[in-house]
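Visitor: Sharing a structure, written as structure tokens. Questions coming.
The values are calculated or read from the model by the stated rules, or taken from the named source; none is laboratory data. From a predicted model like this one, the values you see are computed outputs, not experimental measurements. Cβ placement follows ideal geometry from the backbone for every residue including glycine, while neighbour counts extend to all protein chains displayed. Please note that ligands, DNA and RNA were not included when accessible areas were found on the heavy atoms of the full protein model with its side chains. Shrake-Rupley method; radii C 1.70, N 1.55, O 1.52, S 1.80 Å.
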Amino acid sequence: MTTLRRRVAADTRYTLAGFPVALAAFCVALIGLSGGLGAAVAFVGLPLLAGSAVLVRRFADAERAALPDVLGHPVGHPSYPDAPEGAGWLRRLMNPLATSQGWIDLLHAVVAFPVALVSFVFSAVWWAGTVAGLTFPVYGWVIAAIPGVDGGLPALLGFGHGPVAFVVFNTLAGVLFALTLVPVLRGAALLRASLAEAMLTRPAPRAAAARRRSVTALDDAPLPPYSVRR
């Protein structure tokens, strides 16, 4: 049960609380790409684009920091080489754009926003349906007594009229939301996290070390008779 609570908390935090971060990264990347590439000929746009790449890298770092809780395993951090020693001010200024990962960060901030929006909507709707439905017996009688409600959705679907049918129907809807909350949250979180893992990470050092140990074990294994070690 503790593991399930942690999973629900991690997925909820990633899809709901992480959405404003995705929105901010999208705005920065969109302004940088549109303004930077549009004014690149006049040179004014290149510093804007480089500054956007630096800011988007910070958002990418926040995304990478949240991924282990969602994916359940560590992720590797890509390298961002510094400018060469003795480089001029222009080379240092444009260094964020000199690596492929800087451009990938900008691209991720743009393409990940629709995915983050979908994840946010599903998580918000399911949490709202769960909380509102399970607590409906507390306040549903007041809503049913409001003139003009006339049975609401249960009456339209043919489940009967009256406050009892109204409250029972909406409570059962909340139960259905609650029963499907965990898989929906998991799917919404993995939808966004999978894209971030593919674009913002590298294989974790632990996995790479395990592969190296496997290769070393194979090299050190005894050779069969009549074989020649190269």
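Visitor: Among the numbered conditions (1) touching a strand residue (DSSP E or B) at 6+ places or on another chain (Cβ under 6 Å); (2) without any contact (Cβ under 8 Å) to a residue 40 or more places away in the chain, tell me where P78 comes up short.
Guide: The single condition P78 does not satisfy is (2).
Visitor: Right, next: A83 - would you say it is assigned to a loop (DSSP other than H, G, I, E, B), over 21 Å from R202 (Cα atoms) and touching a residue at least 12 places away in the same chain (Cβ under 8 Å)?
Guide: For A83, the condition - assigned to a loop (DSSP other than H, G, I, E, B), over 21 Å from R202 (Cα atoms) and touching a residue at least 12 places away in the same chain (Cβ under 8 Å) - is met.
Visitor: Let me ask you something else. Could you pull out the residue among L23, L33, L37 that is part of a helix (DSSP H, G or I) and either modelled with pLDDT of 95 or more or at positive phi (or both)?
Guide: None of the other options fit; the residue is L23.
Visitor: Any residue in region 152-167 that is at pLDDT 90 or above and in a helix (DSSP H, G or I)?
Guide: No, that holds for no residue.
Visitor: Here is a follow-up. So A9 passes all but one of these: (1) aliphatic (A, V, I, L, M); (2) farther than 30 Å from R91 by Cα; (3) surrounded by 15 or more Cβ atoms within 10 Å (Cβ to Cβ). Which condition number does it fail?
Guide: (3)
Visitor: On the basis of being among the basic types (K, R), over 30 Å from T99 (Cα atoms) and either loosely packed, with under 11 Cβ neighbours inside 10 Å or at pLDDT 65 or above (or both), does R202 make the cut?
Guide: The answer is no for R202.
Visitor: Can you tell me which residue among V110, V121 is part of a helix (DSSP H, G or I), open to solvent by 30 Å² or more (accessible area, probe 1.4 Å), β-branched (V, I, T) and within 14 Å of V21 (Cα to Cα)?
Guide: V110
Visitor: Checking the conditions here, which among V70, V28, V56 is in a helix (DSSP H, G or I), open to solvent by 30 Å² or more (accessible area, probe 1.4 Å) and among the aliphatic types (A, V, I, L, M)?
Guide: Selected residue: V28, the only one of V70, V28, V56 that is in a helix (DSSP H, G or I), open to solvent by 30 Å² or more (accessible area, probe 1.4 Å) and among the aliphatic types (A, V, I, L, M).
Visitor: While we're here: Kindly list the number of the only condition in (1) touching a Leu at 6+ places or on another chain (Cβ under 8 Å); (2) in a loop (DSSP other than H, G, I, E, B) that fails for L49.
Guide: Of (1) touching a Leu at 6+ places or on another chain (Cβ under 8 Å); (2) in a loop (DSSP other than H, G, I, E, B), only one is false for L49: (2).
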